[in-house]
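Working notes, beginning with the structure itself.
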């Protein structure tokens, strides 16, 4: 079997985690629909998908970094900076709207590229580098917009938050994100990312350009963070220098619910999106069930821990079952 075929099989190994993440989402959102009848309409579904999309985009970026065994805390700072830059430039330059959007995405790509170069070329710890980036970017966001404010053209906000006929635009964005992940995960770069996360030294010895793939992962992650910030700007129609702070925890919570491996080598953007969807559905479910606010965090944490325990329980069950089968075969003989 060639190395490429072996790595391709590894990249498809995340299908099981994706199915489990889908099942968790179906249970969470299905419970919301069962408990709250007001969620059973197109308007409510559109609002749900719109609220989900910024987190899904940010979680997709975090997945790319975790896949190669890295860690990225710059997501919050990048989202904040993208949000305030968009909110302070779009309204004053409505004729240059697309240029502003491209500029913000390029800004995110540049942040990711710098993170990647510092981590890969200089050998610095990813946790330290991205934490520093988060602090610096948050500071710049406060300089650009010291207090919540700014605005965006109404056409921009409506284009991303209103449905296109019966289909939410946000859902189209998520489908495009899933299609992009399928293309990336089956490409040479994506397959190499799986191999690097699983065994960096073996990947390097196999001729994979480890440094280039790692830098690419951080760069693409930065672009996805900026895309999340742009979508958040459309939802709020304003800017806030602290708008990205919630993403610092929710992104990794979405990873947990999406069963994305924190040690590298396993995971799926689609599973991360389902994890984000579950995370958005949980507060709705708890509110509809009449759970007090101070219990919400504890319940969400418990659900995340259960989700993390599922793969371990499945592995343990498989080992026990295999051991019993071997014991039975030995007894028969």
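Just so you know, all these numbers are worked out from the coordinates, no wet-lab data involved. Everything quoted here is computed from the prediction, not taken from an experiment. Methodologically, a virtual Cβ is constructed for each residue, glycine included, from the backbone with ideal geometry; neighbour enumeration extends over all protein chains shown.
Details
- Between 0 and 90°, nearest 10: helix 269-288 axis offset from the chain longest Cα axis: 70
- For the stretch 3-328, the relative contact order is 36 percent, taking Cα pairs closer than 8 Å that sit 6 or more residues apart in sequence and dividing their mean separation by the residue count.
- Ranking of 204, 326 by count of other Cβ atoms within 10 Å, fewest first: 326, 204
- Within the chain, helix-based [θ] at 222 nm, where runs of 4 or more DSSP H residues each add -39,500 (n - 2.57), nearest 500: -26000 deg cm²/dmol
- Helix axis angle, 42-67 relative to the chain longest principal axis, alpha carbon, degrees: 60
- Residue exposure proxy: 214, 292, ordered by other Cβ atoms within 10 angstrom of their Cβ from fewest to most, comes out as 292, 214.
- Listed candidates (i) 1.08; (ii) 1.01; (iii) 1.06 - label of the one calculated as Rg/Rh (Cα atoms, Kirkwood Rh): (ii)
- Descending by average beta-carbon neighbour count within 10 Å, the peptides 271-282, 33-44, 253-264, 132-143 line up as 271-282, 253-264, 132-143, 33-44, the highest first.
- Rounded to 10°, Cα long-axis angle of helix 247-257 versus longest principal axis of the chain: 30
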